[in-house]
1. If each of R30 and D155 carries a label point 7 Å out from its Cα toward its Cβ, how far apart are those two points in nm?
2. Rounded to the nearest 500 deg cm²/dmol, what is the calculated helix-only ellipticity per residue at 222 nm for the chain, with -39500 (n - 2.57) per DSSP H run of length n ≥ 4?
3. Any chance you could look up the accessible area of F113 with a 1.4 Å probe, heavy atoms only, rounded to 10 Å²?
4. Within 10 Å, count the other beta carbons around each residue, average over each peptide in 49-56, 137-144, and list them highest first.
5. What is the spread of the Cα atoms of the stretch 12-180 along each of their three principal axes, largest first, in whole Å?
6. Mind giving me the nanometre distance, one decimal, between the label points for R179 and L137, set 7 Å out from Cα along Cα→Cβ?
7. Mind listing which GluC sites (Glu not before Pro) in the stretch 100-192 are in a DSSP loop and have 13 or fewer other Cβ atoms within 10 Å?
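The values are calculated or read from the model by the stated rules, or taken from the named source; none is laboratory data. No experiment lies behind these values; they were computed from the predicted model shown. Heads up, the Cβs are rebuilt from the backbone with ideal geometry, glycines too, and the neighbour counts pull from every protein chain shown. To get the accessible areas, we keep the full protein, side chains included, count just its heavy atoms, and leave off ligands, DNA and RNA. Shrake-Rupley method; radii C 1.70, N 1.55, O 1.52, S 1.80 Å.
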Amino acid sequence: MAILPINTFPDAVLRQRAEEVADFDAALERLVSDMLDTMYDAPGVGLAANQIGLLMRVAVIDVDYEIESDEENTDPAPRKYKGKNPRVFVNPVITKRTGATPFKEGCLSVPGFYEDVKRAVEVDVTYQDIKGTTHTLHATGLLAIALQHEVDHLDGRLFVDHLSPIKRSLIQSKVKKERARGFERSKFHVEL
Ligand code: QAP
Ligand code: CO
């Protein structure tokens, strides 16, 4: 169990193409487990290995879980989930895209920003599971959007790349500024 730090825009590792996974070993199992812990902790619905600084074609997605609200517990740390459905995609390839729709997306690497991105409505994806077995999946709804978003990450693309250059650079400077503020806060242990 480990929650890993998430790289944020414009970190260089988010711009690199991740490499195909060849070894379906214990190290991969640990990586996937840590990625799921990190995603649920955030909380987010998807996370690609680039976001935790590893250039491996691995993504985790859970578009089905809900955070159980707990009025008694004001501590943000352990959270409860109902209906967890972790999905793991190793070496995912989108083989078919159908339709087009705008979808308001966010990203754990671009915290606090949500913008409309044009995505396919349905996708076919071929991928391997954690054991290396190949599967194909026809995805619709939020899962189809998440798959396109995560495969973009593995190819070094972010949702902000689908926006105008002006919007992108504005978001970049704001994310950088927020990150610097976060650093100052942790350095001096000041609660704002
Ligand atoms: C990718 O995104 C995605 O800005 C996953 O402050 C996007 O989990 C899948 C998040 C759209 C499907 C549709 C973003 C959390 C989480 C933030 C995420 C934030 C806190 C984003
Ligand atoms: Co993302």
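1. Once both label points are built, they end up 3.2 nm from each other.
2. Values: 3 runs with 54 residues, N = 192.
Theoretical 222 nm ellipticity from helices: -9500 deg cm²/dmol.
3. Accessible surface of F113 is approximately 40 Å².
4. On the way: 49-56: 20.9, 137-144: 16.5.
My ranking of the peptides, most packed first, is 49-56, 137-144.
5. Extents along the principal axes: 44, 42, 30 Å.
6. Inter-label distance under the simple model: 2.9 nm.
7. Working: sites: E105, E115, E122, E150, E178, E184, E191; in loops: E191.
Hits after loop and neighbour filter: E191.
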